[in-house]
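A short worksheet on the structure shown next.
The values are calculated or read from the model by the stated rules, or taken from the named source; none is laboratory data. Bear in mind that the values here come from a model prediction, so they are computed numbers and not experimental data. Reconstructed Cβ throughout: ideal geometry from the backbone, glycine too, with neighbour counts over all protein chains shown.
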Amino acid sequence: MWFDLSDGTNGLVVLSIATKDYEIINQKTMAMGLVRGVRLKILCDNRLWIEYPGDESSQSLRELNYRYALIPHQGVWDKDGLYQEALSSNASIHVCQFGKHS
């Protein structure tokens with residue numbers, strides 16, 4: 001749902017509905033993978049990996065939509081309410097019409 005980089009005083013959180021992979025590099029750079037395109041390999045024992053040709057379940061083979069929010073903040077994530085913000089950001093809204101009530 002989110003990832004954050006902070007020096008303890010100031011920070012930046014990235015909220016996302018589709019974060020696949022992310023990495024914080026040298027405490028200065030936030031990197032995020034948008035599409036997954038790796039071969040499916042399964043570890044059989046500590047020496048042998050098996051590939052499954054034709055199995056594309058590890059690929060992002062579909063139409064992809066991205067929605068992100070960048071939120072600068074003070075302090076660190078667990079003291080600044082970022083978890084609740086991420087939950088709120090990722091909650092979808094469902095609209096319904098009801099009949100007349102008394």
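Does at least one position in region 64-77 carry a residue that is in a loop (DSSP other than H, G, I, E, B), of a type in the set (Val, Ile, Thr) and touching a strand residue (DSSP E or B) at 6+ places or on another chain (Cβ under 6 Å)? Within region 64-77, one or more residues are in a loop (DSSP other than H, G, I, E, B), of a type in the set (Val, Ile, Thr) and touching a strand residue (DSSP E or B) at 6+ places or on another chain (Cβ under 6 Å).
Which one is modelled with the highest pLDDT among residues in region 10-22 that are within 11 Å of the chain's Cα centre (by Cα) and in a strand (DSSP E or B)?
This residue is Val14.
Looking across Asp45, Asp4, one residue alone is acidic (Asp, Glu) and in contact with a helix residue (DSSP H, G or I) (Cβ under 6 Å, 6 or more places away or on another chain). It is Asp4. Only residues that are part of a loop (DSSP other than H, G, I, E, B) and farther than 29 Å from His73 by Cα were counted in region 23-41, giving 4.
Of the residues contained in region 42-52, none is found to be in a loop (DSSP other than H, G, I, E, B) and surrounded by 13 or more Cβ atoms within 10 Å (Cβ to Cβ). Total residues in region 1-27 satisfying the condition of being over 19 Å from Glu63 (Cβ atoms), among the charged types (D, E, K, R) and touching a residue at least 12 places away in the same chain (Cβ under 8 Å): the figure is 3. Selection of region 78-100 for residues being under 12 Å from Leu15 (Cβ atoms) and either out of contact with any Asp or Glu (no Cβ under 8 Å at 6 or more places or on another chain) or not in a helix (DSSP H, G or I) (or both) yields Tyr83, Gln84, Glu85, Ala86, Leu87, Ser88, Ser89, Asn90, Ala91.
When restricted to residues that are within 27 Å of Val14 (Cα to Cα) and of a type in the set (Phe, Trp, Tyr), region 48-77 contains 3. Of the candidates Leu48, Leu61, the single residue that is modelled with pLDDT under 75 and either of a type in the set (S, T, N, Q) or out of contact with any strand residue (DSSP E or B) (no Cβ under 6 Å at 6 or more places or on another chain) (or both) is Leu61. Looking across region 63-102, just one residue is on the phi > 0 side of the Ramachandran plot and either loosely packed, with under 10 Cβ neighbours inside 10 Å or under 21 Å from the mean Cα position of the chain (by Cα) (or both), and that is Gly81.
Each row is one residue, and each column tells you yes or no for (1) under 17 Å from Met1 (Cα atoms); (2) acidic (Asp, Glu).
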{"position": "Met32", "(1), (2)": "yes, no"}
{"position": "Gly37", "(1), (2)": "no, no"}
{"position": "Ile42", "(1), (2)": "no, no"}
{"position": "Ile50", "(1), (2)": "no, no"}
{"position": "Pro53", "(1), (2)": "no, no"}
{"position": "Glu63", "(1), (2)": "no, yes"}
{"position": "Leu70", "(1), (2)": "yes, no"}
{"position": "Lys79", "(1), (2)": "no, no"}
{"position": "Ser89", "(1), (2)": "yes, no"}
